[in-house]
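Heads up: the structure comes next, in structure tokens.
The values are calculated or read from the model by the stated rules, or taken from the named source; none is laboratory data. Note that the coordinates shown come from a computational prediction; the quantities given were computed from them, not determined experimentally. As a convention, Cβ positions derive from the backbone with ideal geometry for all residues, glycine included, and neighbour counts pool all protein chains shown.
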Amino acid sequence: MGGRAHSGARNRFWKKDVDGGSFRPEAATRAELEEAGVSWERPVVVYCNSGHQASETFYTLRFRLGHPDVRLLPGFLAEGR
């Protein structure tokens, strides 16, 4: 059934990565993600209803912070509705 978070998931709004139209410093963003449970030694899967908001987090993790194993699961929460 749609609308449920995956077991073990953490909720973090992607707009925390920006401040006044610019990206926040990478060190601060990485520290906050690590505090939320993100590890650079384990895969990370990001998802939302459509994939739009999750793609923002995917971009930050993979391309700004260099996480080696990030995956986007588009439409996960909308599935089954």
What pairs can you find where one residue is in the stretch 49-65 and touching a residue at least 12 places away in the same chain (Cβ under 8 Å) and more than 19 Å from Ser22 (Cβ to Cβ), the other is of a type in the set (Phe, Trp, Tyr) and surrounded by 17 or more Cβ atoms within 10 Å (Cβ to Cβ), and their Cβ atoms are less than 6 Å apart, with a gap of 6+ or different chains?
Ala54/Tyr47
Residues satisfying the stated conditions in the stretch 31-57, i.e. in a helix (DSSP H, G or I) and touching a His at 6+ places or on another chain (Cβ under 9 Å):
Leu33
Any pair with Cβ under 9 angstrom, 6 or more apart, that starts in the stretch 1-27 at a residue that is under 22 Å from Gly66 (Cβ atoms) and charged (D, E, K, R) and ends at one that is assigned to a strand (DSSP E or B) and modelled with pLDDT of 80 or more:
Asp17/Phe23; Arg24/Val18
